[in-house]
Amino acid sequence: MTAGAARVVADGWGWRYAGRRLPAVSDVSFVIEPGERVLLLGASGAGKSTLLTGIAGLLGDAEEGERSGSLLVDGLDPERQRGRIGLVLQDPDAGVVLSRVGDDVAFGCENLAVPADEIPERVQEALDAVGLDVPPDRRTAALSGGQKQRLALAGALAMRPGLLLLDEPTANLDPDGVREIRASVERVVEATGATLVVIEHRTAIWADLMTRVIVVGADGGLLADGAPAEVFDAYGDALAEAGVWVPGHPVALPVLPAADAAPAGEGAVLAARALAVSRDRRTAVQSGLDLAVPGSAATVIVGPNGAGKSTLALTLAGLLDPLSGTVEAAEGLRGRRGLRPSAWSSRELLTRIGMVFQDPEHQFLTQTVRDELAVGPRALGWPGARVDDVVDALLERLGLTALAAANPFTLSGGQKRRLSVATVLAAAPAVVVLDEPTFGQDRRGWIGIVGLLQEEIARGTTVIAVTHDEEVIRHLGGHRIPLAPADAARTEEAA
């Protein structure tokens, strides 16, 4: 049990990151009473994650930025209350501290000086609560993005905090995982009475658990604050226009037709034969794959967390060598070293197959958003005027124009994702491979990305997307590659 639920008070609070002209969040005032369950909403870039990090006491000192107003947890600065606060960050990799699962979950307890004989029980309870069914000695580096998300939540739950802060806790999870995390959080807050604050674009998942919705305005202050039903009924249209996912508000995009069967081999842009894929070059996460990717259409890779979807995507993109078997491109994409993408040079890949990684920061190279978008076109030797036209169009299309001079690493999670998609599209490759392309997106950002991918398909681009988002799957249509759980795949191979 916790030592009592926490109370949070913000009075005109704001924060401006060092080096940024405008504040990330400003003039926010509210009182969250002990035991309240708050859904924190707002458009991408409105400062939700900054606010949550501020409540956790992790924003840093004056060298990191400038604060205004006050923000208190149980009447004290959050920095003095860290043992009372459990935080799960938007980026699951950022929450991994140690190399083994059990040690990582135990880390917070050890820092709080929990008696050593209590820690193993807490670790196992937390792993069970989030449905992370792996041995405690499993290497954290071997976990998928969705499994790391569960790991981060387990680490927070093991501390039994009085205030639980969750930033997009289901963003990388498969549908079963979403339901498990939602249920586990509900069990924890009901058992402990802890105060809960959740940032989540999937509002429908959490709305019935919450007692309150607070909506942060992109230009400061709050757009709305009240009971979920009251807020959505009174402000639903305005919130949807501002980028908030409001239950029952559909998006105005066409639904492309699905194709249940794989295309004929002769129509494939990429084809795999007897393919086995692996991250460590030793253990196959999937094997015996025979598949074909149709041109000028979408192919969506689906399956549970840990099934090897990202590994397959990286292999199709030529960034991982097959463990066995082959991946070959169509004759029209032939490189100097043949048809196998893993043998191509980086320049050849740039115009043939572009990859959007699951973690956007893994592909950032420059100091400004504008320069980031220009990397590919400049590498291809395009004239300056053409580069500027492409960059300006993508900035406008994905709502990044006002951030053109910002450092990519200072953007919000949703803004980073939009930038990562745009950097790949800037070079106009024939094939685009995207790993969770709509991760962290508000309603406007989601429509912008999915609409842009639909336009790319109409222009003849081949799109391969790894996603758990049922609406992305529905709106992109096309071909499906379903992957079985990795353990099931290995069992079938052994049989």
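The values are calculated or read from the model by the stated rules, or taken from the named source; none is laboratory data. Because the structure is a prediction, the values reported are computed rather than measured. Quick reminder, even Gly has a Cβ in these numbers, built from the backbone with ideal geometry, and neighbours come from all protein chains shown.
Condition test on Leu223, is it surrounded by 20 or more Cβ atoms within 10 Å (Cβ to Cβ) and either in contact (Cβ under 8 Å) with a residue 60 or more places away in the chain or under 29 Å from Asp359 (Cβ atoms) (or both)? The answer is yes for Leu223.
Scanning the stretch 140-181 for residues that are on the phi < 0 side of the Ramachandran plot and among the charged types (D, E, K, R) yields Lys148, Arg150, Asp167, Asp174, Asp176, Arg179, Glu180.
One residue alone among Val293, Val231, Val277 is among the aliphatic types (A, V, I, L, M), in contact with a strand residue (DSSP E or B) (Cβ under 9 Å, 6 or more places away or on another chain), buried (at least 20 other Cβ atoms within 10 Å of the Cβ) and assigned by TED's automatic domain parsing to the domain that holds Asn172, and that residue is Val231.
Take Thr170 and decide whether it is of a type in the set (Ser, Thr, Tyr), crowded, with 24+ Cβ neighbours inside 10 Å, closer than 21 Å to Leu87 by Cβ and not assigned by TED's automatic domain parsing to the domain that holds Arg282. The answer is yes for Thr170. Against the list (1) touching a residue at least 24 places away in the same chain (Cβ under 8 Å); (2) aliphatic (A, V, I, L, M); (3) closer than 30 Å to Gly306 by Cα, the condition Ile214 fails is (3).
State whether the residues of the stretch 245-264 include one that is loosely packed, with under 14 Cβ neighbours inside 10 Å, farther than 25 Å from Glu436 by Cα and not basic (Lys, Arg). Yes, the stretch 245-264 has at least one match. When Asp392, Asp359, Asp321 are checked against the criterion of being over 30 Å from Arg444 (Cβ atoms) and in the same structural domain as Ala274 (by TED's automatic domain parsing), a single residue qualifies: Asp321. Within the stretch 26-49, the set of residues being in contact with a Phe, Trp or Tyr (Cβ under 6 Å, 6 or more places away or on another chain) and either acidic (Asp, Glu) or farther than 18 Å from Gly86 by Cβ (or both) comprises just one member, Val28.
Going by the structure shown, is Leu349 part of a helix (DSSP H, G or I), out of contact with any helix residue (DSSP H, G or I) (no Cβ under 6 Å at 6 or more places or on another chain) and crowded, with 19+ Cβ neighbours inside 10 Å? Yes.
Yes or no, residue by residue, for (1) at pLDDT 95 or above; (2) over 22 Å from the mean Cα position of the chain (by Cα); (3) under 29 Å from Arg480 (Cα atoms); (4) part of a loop (DSSP other than H, G, I, E, B):
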| site | (1), (2), (3), (4) |
| --- | --- |
| Asp208 | no, yes, no, yes |
| Phe232 | no, yes, no, no |
| Asp237 | no, yes, no, no |
| Leu256 | no, yes, yes, yes |
| Val269 | no, yes, yes, no |
| Arg282 | no, yes, yes, yes |
| Ile301 | yes, no, yes, no |
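Entry remark, the stretch 90-130: residues being farther than 29 Å from Leu40 by Cβ and free of Cβ contacts under 8 Å to residues at least 40 places away in the same chain number 12 in total.
Inspect all residues belonging to the stretch 178-195 and state whether any of them is in a strand (DSSP E or B) and either under 21 Å from the mean Cα position of the chain (by Cα) or within 28 Å of Ala5 (Cβ to Cβ) (or both). Checked against the condition, which is being in a strand (DSSP E or B) and either under 21 Å from the mean Cα position of the chain (by Cα) or within 28 Å of Ala5 (Cβ to Cβ) (or both), the stretch 178-195 yields at least one hit.
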